[in-house]
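Before any comments, here is the structure.
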C-alpha cells in the first residue's frame with residue numbers, strides 16, 4: 001500500500017467514526033435536553049459545540065508549539081468559523097419543510113451577536129498589529145501574549161452566561177412532554193460522553209491527516225489552514241448538524257454551529273497563550289483579517305435571516321440569505337488562494 005493510499009484510508013476511517021459518533025451525540029444530547037428541561041439550543045451551544053471544536057483546539061496548540069506554524073493555527077480557527085456558517089446553507093437545503101430561518105428560534109441571534117463582537121476584536125487586533133509602533137500587539141514584554149487574549153476569553157464566558165440566562169428566562173413554564181423511549185438521564189450522559197470521546201479522538205487525528213494531504217499539493221499555509229484543514233476539523237460539526245436535522249431538532253443543529261464559532265474564536269486566545277515567540281496575531285499574515293471580516297459578514301447575514309425569518313426560496317431551492325452566505329464564502333476562498341502566505 002502506497003503512502004498516499006494509507007493517508008486516504010486514515011482520512012476515511014476518521015470521517016466514518018465522526019459520522020457514526022456524531023449521530024449518537026445528537027441523539028443523547030437531545031435526551032439530556034428533554035430529561036433536564038434545558039433547551040436544544042443551549043445543549044447545541046454549550047455541550048455539542050465544545051466537543052465538536054476539540055479538533056480545532058488540538059490543531060491550534062500543536063501548530064503554535066510543535067509545528068511553529070502560527071498561520072495554520074489562526075487560519076484553522078477563523079476558517080472553521082466560515083465553514084460552520086456555510087453549513088447553515090446545508091441545513092437550508094436539507095430541511096425542505098420550511099426555510100431554516102423561519103423554523104429556528106430567535107434566541108440564536110444573541111449567540112450570533114457575541115460571535116460578531118469576538119470576531120470584530122480579532123480583526124481589529126490583526127490590523128493594529130501591523131501598524132508601526134504597536135509593540136506587536138503584546139500586553140507587555142514579560143507576558144508574551146496579545147491584549148486580545150484576555151478580552152476574547154472574557155467575552156466567551158460572558159457569552160455563555162448570557163445565553164444560558166436568556167434560555168432559562170424564555171424556557172416554557174410547563175415541562176415539555178417526551179417519549180417514554182427517551183433514554184434515562186444517567187444513561188444518556190454516559191453514552192453522550194462515550195460518543196464525545198470517539199469524536200474527540202477521531203477529530204484530533206483528522207487535521208494531521210488532512211495537513212499531509214494538503215501539503216502534497218504545495219498550497220500556502222494560510223490557504224491550507226483557512227480552507228482545507230478548517231474543513232477537516234469542521235467535519236464533527238457537520239456530522240452532528242446532519243444528525244440533529246435527521247432527528248428534527250433544528251435548534252440544536254444551529255446552536256452547535258454558532259456555539260462552535262464562539263469556541264473557535266476563543267481558541268485563538270488559547271493558542272496565543274501557548275505561542276512563546278510573542279503575540280500570536282502579530283506574527284501571522286494580515287490576510288486573516290479578510291477571513292475574520294468574511295465571518296463577520298456571514299454571521300450578520302445569518303442574524304438577518306434569524307430575525308427577519310424569510311419564508312421564500314430562490315427558484316424553490318434555497319433562501320436568499322443562504323445565497324449570500326455562499327457568495328461570501330467563495331469570495332473569501334478566492335482572496336485567500338491569491339494572496340495567502
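Every number in this text was worked out from the coordinates using simple rules, so none of it is lab data. Quick caveat: nothing in here was measured; it's all calculated off a predicted structure. Every residue, glycine among them, receives a Cβ derived from its backbone with ideal geometry; neighbour counts consider all protein chains shown.
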Checklist entry - Which value at 222 nm does the chain reach when only helices count, each DSSP H run of 4 or more adding -39,500 (n - 2.57), with the total divided by all residues and rounded to the nearest 500 deg cm²/dmol? => result -23500 deg cm²/dmol
Checklist entry - What is the helix-to-structure angle for 185-215, meaning the angle in degrees between its Cα long axis and the longest Cα principal axis of the chain, kept from 0 to 90 and rounded to the nearest 10? => result 30 degrees
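Could you work out the equivalent-ellipsoid semi-axes for the stretch 230-337, taking the square root of 5 times each eigenvalue of the Cα gyration tensor, largest first, in whole Å? It would help to have the intermediate numbers written out before the result.
Numbers: eigenvalues 169, 68, 29 Å².
Over the Cα atoms of the stretch 230-337, the ellipsoid semi-axes are 29, 18, 12 Å.
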Checklist entry - Going by how many other Cβ atoms sit within 10 Å of their own, how do 158, 249, 287 line up, fewest first? => result 158, 287, 249
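Exposure proxy check: 123, 298, 247 ranked by fewest other beta carbons within 10 Å? Walk me through the numbers before you get to the answer.
Details: 123 21, 298 30, 247 16.
Ordered by Cβ neighbours within 10 Å, fewest first: 247, 123, 298.
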Checklist outcome for this item: the stretch 241-328: relative contact order from alpha carbon pairs under 8 Å, six or more residues apart, as a whole percent, is 17 percent
Checklist outcome for this item: Measuring from the longest principal axis of the C-alpha atoms of the chain, the long axis of helix 70-94 (C-alpha) lies at a number of degrees, nearest 10, equal to 30 degrees
Next on the checklist: To test your reading of the geometry: what angle, between 0 and 90 degrees and rounded to tens, separates the Cα axis of helix 320-339 from the longest principal axis of the chain?
Outcome noted: 20 degrees
Next on the checklist: Please compute the contact order of the chain in relative form: average sequence separation of alpha-carbon pairs under 8 Å and at least six residues apart, divided by the residue count, as a percent.
Outcome noted: 41 percent
Checklist outcome for this item: Proxy exposure order for 99, 149 (fewest C-beta within 10 Å first) is 99, 149
Next on the checklist: Taking 2.2 N^0.38 Å as the expected size of a compact globular protein, what ratio does the Cα radius of gyration of the chain give against it, to two decimals?
Outcome noted: 0.97
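Pull out a ≥ b ≥ c, the square roots of the eigenvalues of the alpha-carbon gyration tensor of the stretch 1-62, then state rounded if a/c is under 1.5, prolate if not and a/b is larger than b/c, and oblate in the remaining case.
On the way: a/c = 5.93, a/b = 2.09, b/c = 2.83.
Cα axes put the stretch 1-62 in the oblate bin.
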